[in-house]
Amino acid sequence: MNCPNCHREIAPGVRFCTWCGAFVVAPGKGRKANLFRRWLALAIDPLIGLGLYLIAIVLFGAVSETLGVIMAVVFPLGYLVWYVSLFRQGLTPGKKLLGLQVVREETGEIPGFGTMLLREVVGRFLSGLFLGIGYFWALFDRDAQAWHDKLAGTVVLRRRHHPAAPGPPPVRTTPRVKAGAGPVV
């Protein structure tokens, strides 16, 4: 079997090319996400919520203690709603910021809300048990799947960046000169 991206020979049954990292199941979707980027996205998710909480306390607490307390609840709740709404797209805020995408390991399709809820809540709890061994499992797994990925049947890709759609042709600012026309004297 050959990789559809780099055309080098790969072992049968693998999900990622060992040479170029392409997702063999759906090569146009992206490449295998490196673990540092994944762990950074995991750290960014709660930091955004904490930052919103602190901003609410500092900004609104300076105006009124009651307003500060109210906003310290409203801002993180708003973030939580956004966080959970991204599940439908196979994302979390950290993954969205770092260009990562969670997809089904067998098809490359977006997993959907239920699978993401299972992965992000139950799966992450299980991965964190026993000193976080479920997260470190990805270091030794050939598809870089942590326990929460295995539970949900997902893999994490670094999304492929598509070039922007071509716009209208540029407007010429210099006048056109007809062929054969010489300089005007």
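Cβ-Cβ contacts under 8 Å between residues 6 or more apart (or on different chains), taken from a first residue in region 5-29 that is under 19 Å from LEU100 (Cα atoms) and open to solvent by less than 50 Å² (accessible area, probe 1.4 Å) to a second residue that is in a helix (DSSP H, G or I) and of a type in the set (Lys, Arg), are listed as PHE23/LYS29.
Note on region 75-100: residues that are touching a helix residue (DSSP H, G or I) at 6+ places or on another chain (Cβ under 7 Å) and over 18 Å from ALA43 (Cβ atoms) amount to 4.
Take the residues of region 110-145 that are assigned to a loop (DSSP other than H, G, I, E, B) and touching a residue at least 60 places away in the same chain (Cβ under 8 Å): which is nearest to LEU42 (Cα to Cα)? Ranking the candidates gives ALA144 first.
Just one of the listed residues (LEU80, LEU52, LEU100, LEU40) is under 22 Å from GLY128 (Cα atoms), touching a residue at least 24 places away in the same chain (Cβ under 8 Å), hydrophobic (A, V, I, L, M, F, W, C) and buried (at least 17 other Cβ atoms within 10 Å of the Cβ), namely LEU100. The set of residues in region 103-121 that are farther than 18 Å from TRP147 by Cα and open to solvent by 10 Å² or more (accessible area, probe 1.4 Å) comprises THR107, GLU109, ILE110, GLY112, PHE113. Elements of the type helices (runs of 4 or more DSSP H) sitting completely within region 1-109 and holding at least 3 residues that are closer than 23 Å to ASP143 by Cβ and among the charged types (D, E, K, R): these cover 35-63. Taking ALA165, is it at pLDDT below 95, surrounded by 12 or more Cβ atoms within 10 Å (Cβ to Cβ), part of a loop (DSSP other than H, G, I, E, B) and aliphatic (A, V, I, L, M)? So ALA165 does not fit the description; no.
The values are calculated or read from the model by the stated rules, or taken from the named source; none is laboratory data. Everything quoted here is computed from the prediction, not taken from an experiment. No Cβ is skipped: glycine too gets one built from the backbone with ideal geometry, and neighbour counts run over all protein chains shown. Calculation scope for accessible area: heavy atoms of the full protein, side chains included, ligands and nucleic acids excluded. Shrake-Rupley method; radii C 1.70, N 1.55, O 1.52, S 1.80 Å.
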